[in-house]
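In what follows, a single structure is set out as structure tokens and then discussed.
The values are calculated or read from the model by the stated rules, or taken from the named source; none is laboratory data. Computed from a predicted model, the values in this text were never measured in an experiment. Virtual Cβ from ideal backbone geometry, glycine too; neighbours counted across all protein chains shown. Surface accessibility is based on the protein's heavy atoms, side chains included, excluding ligands, DNA and RNA. Shrake-Rupley method; radii C 1.70, N 1.55, O 1.52, S 1.80 Å.
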Amino acid sequence: MSAPATPAAPLGSSREVPRGKRPARDRSGTLVEFWLRSHTWLVYAFLYLPILVVVVFSFNSTSTRVTNWEGFSLRWYENVFTDKAIQRNLINSLTVGFFTAVISTVVGTMAALGIQRAPKWFRMPFDALTYVSLIVPEIVIALSTLVFFAVTIGRGGLVSTITGGPEIGLGYHTVVSALAVFNISLVLLLVQARLSNMDRTHIEASFDLYGTPWRTFWQITFPQLLPAIVAGFLLSFTFSFDDYIITSFVHGTNQTTIPLYVFSALRKGVTPATNAVAAVMLFVTLAILLVGQFLLSRQARRAGTAGAAGVAGMIVEQQGG
Amino acid sequence: MADQDLDSILRRMSQTQVNRRGFMAGGAMAGMAALVAACTGGSKATDAPASAAAPSTPPASAAASEMAAASVEPVFSQEPTEGHLWMYNWSDYIDPGNIKEFQKRYAVDDWTYDTYASNEELLTKLQAGAGGQWDVGAPTAEFTPALVQGGFIQKIDWSKVPNAKYIDKQFKGLWWDPKDEYQMPKDWGTTGIAVRTKYVTEDVSSWKNFFDVAPKYSGKIVIVDSPGDVFVAPLKALGYSLNSVDPTELSKARDLLMALAPHVLALDSDQYQKKLQTGEAVLGLTWTGGLDGLIQDPKTADTKYIIPSDGTLYWLDTWVIFANPPHPIAAHAFLNFIEEPAIQAQETITNAYATPNDEAKKLVPQKILDDPTIFVPQAIFDSGLLESAKDVSTDKNRVAIWKEFKSSIGKK
Amino acid sequence: MTARSSRRARLLTGVLLLPASLWYLLLLVAPIVIIVVFSFGNSGPTGGYAGGFTTDHYADLIANNIDPLITSLRLSVIGTVLCLLVGLPLAYYIATRAGRRKGLFIVLLVVPFWTSFLIRTYAWLTILGPEGLGGFIGGITGDDSFRILGTDWAVQLGLVYGYLPLMVFPLYVTLERMDRTLVEASKDLGAGRWATFRQITLPIALPGLITGSILVFIPMMGEYVIPNILGYGRVFTVGSSLVLTFLESRDWPGGSAQAVVLVAIMLVSVTFYVWFINRGRRGRDVSIL
């Protein structure tokens, strides 16, 4: 199929067919709608069921087996708020998650854009590496990356031998860079999937009109890529925030993250303490997200609804879309 | 009031799910709460020794702080520490009250606690190059030779750890560290048979019985996911050493294991207590962690932990100082601190594992000393029934058998 | 294009690709080279790597590792198909019916994953165990030994639960771009729902479908925590085997050989899969220059 003749709808809108205006013969329509709706709600229920269990039992006052309900209590939350170690772990998790997500999103998006124009001799091994980064099991990456770090930036490693300086050692930088590999590929694939559906005529048209790639990118390409970029950022954050094996192998002193703490703590049994930690982790990230959402939507409202579509919207209208 | 404290502490502590190999009691919370409650009564832990008299059978934490004051004062002069201690350990393996005490006494403001979840993970990471970042750790004894060989731990300067003299002689001069240069015993326990006698009426007092009885309870047997422990059962049932790497012996052990595999419900190191509690499993090859809770609970009071008569494994966790420690003075100070009898007694109470420190034992409540899941009766220890584990997990035959066993679980 | 702008184009392409290439080179290629080197070496007396050269580890592979591979394949294929069946309608709904709340739906999809993975999985133990659904169903059917946990189905559920967003996100980003007028036009022209779906919607969703199935299938192959917990340790996968080899027996060369072969097999399969699905589609590469 070649590129569609009609331009795509501007970002953010959805041209839904008003209900009731369907042709009469499409009686199966409402059935399908019902099914789509219920399927969606069922899936969300499925996704949130364990979360509900975790949160509910975090209020269990028992200090032993978490499913032995002994009464309502906030003591485990008190525990979380007074325990400096847990707070430190939470901050570590957030730091690692955030920086990995930012780096992966930027680098991955750039790569997705660049790969379109790359010559075949480059593209094939690069694609292969993208898949490989997803294929190699985490334990293998964790171990081999640690060895790599030890040999290069560790004590007596290449870097300190060559520069004669002190060893750099393990730290946030090693955790973030190790986690970024998988996530760069993740973002790359997401953005590529989005790109492959994109309308080339827009871009060429705007290029003729404006001339600089930079402007073309920001005004045309970027807004259309935004869902993929945001999706990539969210997924990268999620997977690095909650990573165990790689983090466990390449972290430095005092950089235990929540997953590491939980993994070790669960050996003594699932007490409400760990549930409370998980619940707090959830609330904190949710809060950050809501604040971010609020700020963004305020900004969007101020900028007007032309917003992200910007010049693209204007072009679409001019072409009779 | 002291007795009431003691009872509630014990009850709470015993209801925790404690696992072997240093996975700490959830009762650390309860223990800490109790300790704080007791301490706020007035006698805060002091650093000046007060009276030298130690009351007989003191109740637990209420008196622990007083004990700390009355404990033996280090006779050497403690150098000022570097102000930091970086620990790498199992999760929550030290009583929080003791941590605070240490920090206060030795002016250690910066205490970091990074965790690992298995000895293998620790060793693998060290082998891959992750060293130089921590001061003190607590691996299990049989890993000492590997750690020494890799240059990952250093010799302990015993002149800085005089309290080590309280350690029971039977833990010294053992094969893993014949000259006692590299490690200091921390706590110890056993691997054995856990059984819900309400459902299992047969006698399962030996590994041999265990294998004989297994088919009858097919699908209700839980086994810890640890090759070093699982091999104990067939090898001891056959009368061999649990560290055997002899191919013939291993082959016979394999047969026993493969006959057992179809009847196993789960390989589970973390939740075996839960499975025994709900009755999903009625028989198990387990550690002692969490069983106390089952025994105390009236609904599951029929639970028994048995040290098999054909012999079994005992494990010992040890304190080590990592090579190139960033803060060697603090590291040694900590080792000395933790062996102070009152401090060590508190560790035993909180962690529910047996201490090798004789002086500390005098301060541990009798109820705990009598609990066979925590303190193995001396008679059994002397009888030679217990064998210590060697690190034979790299033996190719063992690995192959373990893999085969794991793949055959539950498959008829 | 002028010579100057084509040079600039090449420069731009280079700049765009530089960070990712550097990352792959240092933190992917280098570690993999290390693993390959290990795979031909010997393990030390206490484990680890000790130099030397031998092909023994590869020779050993075939004998011992077919079963875990088959288990993993089975779990991953079924898991991917299930993710697709569950994820596609969901992605479609969000992309086309959720209107302005699309963003909210998408974020809500991933929020559950901001609690600890292990704790979520343990929650499933409670939900499906003898004190939950498993016991409930057992009670109704009178079957005393009925179990959900410890079976393939529990593992399958856990896998789908853990990887669903990786299927839904790519599908969503492709479907969201779909021009609804095409769907309407097709219906107006008399095509039924199914035909419309097959000829309009599906081809547009295809890139997302490919990406989604790759992002789900591949990591599922390496999974071992979920089979270990929800499968009661009875489900022995390739991932379990790798962890056993690397951590428990500290046989780095053996584990490395396993890893190399696994990566090779999967790389070939994935490349073939992508080529197969994409054949016949004309290249839709978009240039931004």
Cα-Cα longer than 21 Å, checked against B:Lys169/B:Lys362; B:Lys252/B:Lys396; B:Lys169/B:Lys367, kept in input order, equals B:Lys169/B:Lys367
Among chymotrypsin sites (Phe, Trp or Tyr not before Pro) in region C:5-113, those in a DSSP loop whose Cβ has at most 13 other Cβ atoms within 10 Å are C:Phe53
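Ignoring any ligand, DNA or RNA, what whole percent of the accessible area of region B:228-297 comes from carbon and sulfur when the probe is 1.4 angstrom?
Roughly 52 percent, rounded to a whole number.
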Give me the distance between the Cα centres of region B:244-322 and region A:117-160, rounded to whole Å. 41 Å
Which FRET efficiency value, to the nearest 0.05, is calculated for C:Ser6 and A:Leu31 with the Förster distance at 60 angstrom and r the Cβ-Cβ distance? 0.60
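How many Cβ atoms of partner chains, on average, are near each residue of B:108-115 if near means within 10 Å of its Cβ?
Across the residues of B:108-115, the mean count of other-chain Cβ atoms within 10 Å is 5.
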Determine the shape class of region C:171-228: with a ≥ b ≥ c the square roots of the Cα gyration tensor eigenvalues, call it rounded for a/c under 1.5, and otherwise prolate if a/b is greater than b/c, oblate otherwise. prolate
R0 of 30 Å, Cβ-Cβ distance C:Asp67-B:Asp212: FRET efficiency to nearest 0.05: 0.55
Using 1/(1 + (r/R0)^6) with R0 = 30 angstrom and r between the beta carbons of C:Ser269 and C:Leu85, what's the FRET efficiency to the nearest 0.05? 0.90
Given 25 °C, 0.890 mPa s and a Kirkwood radius over Cα pairs, the Stokes-Einstein diffusion coefficient of region C:1-81 in µm²/s is 142 µm²/s
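I need the shape label for region C:58-208. Rule: rounded when a/c is under 1.5, else prolate if a/b > b/c, else oblate, with a, b, c from the alpha carbon gyration tensor.
prolate
Tell me the volume per residue, in Å³, of the convex hull enclosing the alpha carbons of region B:317-358. Provide the component values of the computation, followed by the final result.
Numbers: hull volume 3.2 nm³, N = 42.
Measuring per residue, one finds 77 Å³ for the Cα hull of region B:317-358.
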Jot down the radius of gyration and Dmax of chain C, Cα atoms only, both in angstrom. 23.6, 80
Run the accessible area of region C:102-195 with a 1.4 Å probe and give the carbon-and-sulfur part as a rounded percent. 67 percent
Once both labels are modelled 7 Å past Cα along the beta-carbon direction, what's the A:Thr163-C:Asp188 spacing in nm? 6.5 nm
Can you give the extra length, in nm with one decimal, that the chain gains between A:Val291 and A:Leu74 once fully stretched, where that is 0.36 nm per residue apart less the Cα-Cα distance? 75.6 nm
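With only Lys, Arg, Asp and Glu charged, each at its Cβ (+1 for the first two, -1 for the last two), find how big the charge dipole of chain C is about the Cα centre; round to the nearest 20 debye.
Details: 22 positive and 15 negative charges, 369 e Å.
About 1780 debye.
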Candidates C:Gln156, C:Gln199, C:Gln258: whichever shows maximal mean-square fluctuation once chain C is modelled as a Gaussian network with Cα springs under 10 Å: C:Gln199
With respect to the cross-link table entries B:Lys179/B:Lys403; B:Lys104/B:Lys186; B:Lys275/B:Lys403, which display a Cα-Cα separation exceeding 30 Å? B:Lys179/B:Lys403
Work out the mean other chain Cβ neighbour count within 10 Å for the residues of C:224-231 and drop it here as an integer. 3
So how do C:185-191, B:384-390 stack up, highest first, on mean other-Cβ count within 10 Å? B:384-390, C:185-191
For region B:189-266, give the magnitude of the charge dipole about the Cα centre (Cβ charges: +1 Lys/Arg, -1 Asp/Glu; no others), in debye to the nearest 20. 260 debye
Taking only C-alpha pairs under 8 Å that are 6+ residues apart, what is the relative contact order of region C:52-166 in percent? 27 percent
Round to a whole angstrom and tell me the spacing of the C-alpha centers of region C:173-216 and region C:57-79. 35 Å
Checking the a/c ratio against 1.5 first, then a/b against b/c, what shape does the Cα gyration tensor give for region B:84-130? oblate
Going residue by residue through region B:350-357, the Karplus relation 6.51 cos²θ - 1.76 cosθ + 1.60 with θ = phi - 60° gives ³J(HN,Hα) values, rounded to whole Hz and with x marking Gly or Pro, of 6, 8, 6, 10, 5, 9, x, 8
Two-decimal log10 I(q)/I(0) for region B:154-215, as the Debye equation yields it once each C-alpha is a single scatterer, q = 0.16, 0.24, 0.26 Å⁻¹: -0.65, -1.02, -1.15
Estimated buried accessible area (total), pair C and A, 1.4 Å, Å² to nearest 100: 10400 Å²
Taking the Cα centre of region C:24-115 as the origin, how large is its charge dipole in debye, to the nearest 20, when only Lys and Arg (+1) and Asp and Glu (-1) carry charge on their Cβ atoms? 900 debye
Give me a single rounded figure for B:395-402: the average over its residues of other chain Cβ atoms within 10 Å of their Cβ. 3
Just how far, in whole angstrom, is region A:220-275 from region A:166-192 if you go by their alpha carbon centroids? 13 Å
